[in-house]
Amino acid sequence: MSIMKSITIGQFVPGDSLMHRLDARAKFIALIFLIIAVFAVNSFVGYAILAAIIFSLLFSSGMPLRYFFRGLRPVYYIMTFTFLIHLIFTKGGNVLLRFGGITVESHGVYLGLFMVLRIVFLVVTTSLLTLTTSPIALTDALEYLMKPLRKIGVPAHEIAMMMTIALRFIPTLMEESEKIMKAQMARGADFESGNIYRRAKSLVPLLVPLFVSSFRRADDLAVAMEARCYRGGEGRTRLNELKAGPRDFIAVACTILLVVFIKWIKV
Amino acid sequence: MNVRKMVTMAMLAAVSVLLMYLVRFPIFPAAPFLEYDMADVPILIGTFLLGPVCGLILTVVVSVIQAMTVSASSTWIGAVMHIFATGSFVIVAGCIYHKVRTRIGAVLSLVLGSLVMTLAMIPLNLIFTVRFLGAPREVVVAMLVPTIIPFNLIKAAINSVITFSVYKTVAKVLRLQIVEKKNQETSPTYPA
């Protein structure tokens, strides 16, 4: 188990670029349309167009490109796996390689590369949102976008509030868990050896104190909130209001046009 | 929804995301992207404490935070799959335990919940992995029996065992905390 090297939760990097200044709600909706665009494309020409657009967005965020590609590291496995599967199992086109009973055919290479690119685009566009938007702004945006769901009984405000509280307390609880872990290790607890079941089971002495301390914190926080007359979302005012300007509408409109364009020219 | 309940749920969500950070390792060396994680344990404890609806809300909260932070790489597909998988587990387990609040009820709810989640993962994998991650359908079908089904069963089973062994203690502590609060409220001590 790796002890947390960096306690930063999330990937947000503060900045003042155009991407940073866009309204979180607009970015959220734009991201959804960008993802639809990624799925709508079905040729490499379409991907070239998308790549040009996405790369210019990446540059406009003013962040080093490696930040975006760092997000790809955890999906290397899935990417290689997808590629290999297509290489071996997708048949059609010219035979490129013959290796014992296995043949590699051109359709396999084509589809494999295509799917790998799709994963790259999905990850990079999502990073574009999470790198330029603070988690708090994101939860506020979610609350706003979930408002219509309140009619069918979804507690939009409460859900957003829970996310905000959880995000605030993850680093605190992380410190706490490190302390508990060291305390249990001093008592001879072993977190690293044994099979999966043994390893998971060894975490129980870590979990119980972690739950207990988190409940204690919850209790304190609930008292503090009640003392400040917190009573839910109705009529609540905010320190940082979300404000949508013309450029936010333009951004959303552009992504919608992109989807329409891709569907129209069928690339 | 009262404030205390909401804050407790928020903390459980925080613990869940934290556990996802701390504990994740692949179960099968052959399929390293199928990683075991413990995120479901706090969600299940929340479900037992507060009921299936709260469990479902917790699942949504955890999945969205997960998509925004820890595993932004699995993007929204991962989050949606997590909501459906854990959601089905939570609804089944929560409804049963809500009716039968005994040790046997807990075991039954966890076993049935695990089975339902494993079943739910079959169509989910066929839809999401095929449609969105681009794995060919035949390959996913071929992977179902040797990897996907056992993976989900093992994961759900381990999480169930841990939940079962942790829940009683945690619930007792929480109840004790509430009793302590009440005692303080009924007999205030004023300085002389």
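Taking chain A as a Gaussian network of alpha-carbon nodes connected by springs under 10 Å, the highest mean-square fluctuation of the residues A:V109, A:V212, A:V75 belongs to A:V212. Note on A:Y67/A:R238: beta-carbon distance plugged into 1/(1 + (r/R0)^6) with R0 of 30 Å gives a FRET efficiency of 0.55.
Helix B:40-50 versus the longest principal axis of chain B: what is the Cα-based angle in degrees, 0 to 90, to the nearest 10? The angle comes out near 40 degrees. Given the options B:V17, B:V166, B:V139, state which has the largest fluctuation in a GNM of chain B using a 10 Å cut-off (strictly under) for Cα springs. Highest fluctuation of the listed residues: B:V139. Taking 7 Å steps out from each Cα toward its Cβ at A:I265 and B:K99 produces label points 5.8 nm apart. In a DSSP loop and with at most 11 other Cβ atoms within 10 Å, the GluC sites (Glu not before Pro) in segment A:195-267 are A:E234, A:E241.
Helices that extend 20 Å or more along their long axis by alpha-carbon positions and average at least 1.6 on the Kyte-Doolittle scale are, among the DSSP H runs of chain A, A:24-40, A:44-60, A:106-132, A:246-265. Take the Cα of A:Y77, step 7 Å toward its Cβ, do the same at A:S43, and the gap between the two points is 3.7 nm. Every pair of different Cα atoms in chain A enters the Kirkwood calculation, which places the hydrodynamic radius at 22.5 Å.
To the nearest ten degrees, helix B:3-22 and the longest principal axis of the Cα atoms of chain B are 40 degrees apart. Counting protein heavy atoms only, chain A has 65 percent of its accessible area on carbon and sulfur, 1.4 angstrom probe. Backbone amide hydrogens, once placed in the peptide plane, bring A:E105 within less than 5 Å of A:L96, excluding anything fewer than 5 places away on its chain. As a fraction of the 1.4 Å probe accessible area of segment B:1-141, surface on carbon and sulfur atoms comes out at 73 percent.
Over the protein assembly as shown, accessible surface divided per residue gives 48 Å², non-protein components excluded, 1.4 Å probe. Checking every one of the trypsin sites (Lys or Arg not before Pro) in segment A:91-136 against DSSP loop status and a limit of 14 other Cβ atoms within 10 Å picks out A:K91.
Helix B:149-186 and the long axis of chain B differ in direction by around 10°, with both axes built from C-alpha atoms. Of the cross-linked pairs A:K179/B:K172; A:K151/B:K99; A:K179/B:K155; B:K99/B:K168; A:K179/A:K201; A:K243/B:K5, those separated by over 21 Å at the C-alpha level are A:K179/B:K172; A:K151/B:K99; A:K179/B:K155; A:K243/B:K5.
Summed over both chains, the area buried between B and A is near 5900 Å², taken from the accessible surface of protein heavy atoms with a 1.4 Å probe. Which of the aspartates and glutamates could a cross-linker bridge to A:K27, judged by Cα under 17 Å and excluding same-chain residues fewer than eight apart? By straight Cα distance, A:K27 reaches A:D16, A:D140, A:E143, A:E241, A:D248.
The values are calculated or read from the model by the stated rules, or taken from the named source; none is laboratory data. Given the structure is predicted, the values throughout are model-derived calculations rather than measurements. Every residue, glycine as well, gets a Cβ built from its backbone with ideal geometry; the counts of neighbours run over all protein chains shown. Note: accessible area is taken over every heavy atom of the protein model, side chains too, but ligands, DNA and RNA are not part of it. Shrake-Rupley method; radii C 1.70, N 1.55, O 1.52, S 1.80 Å.
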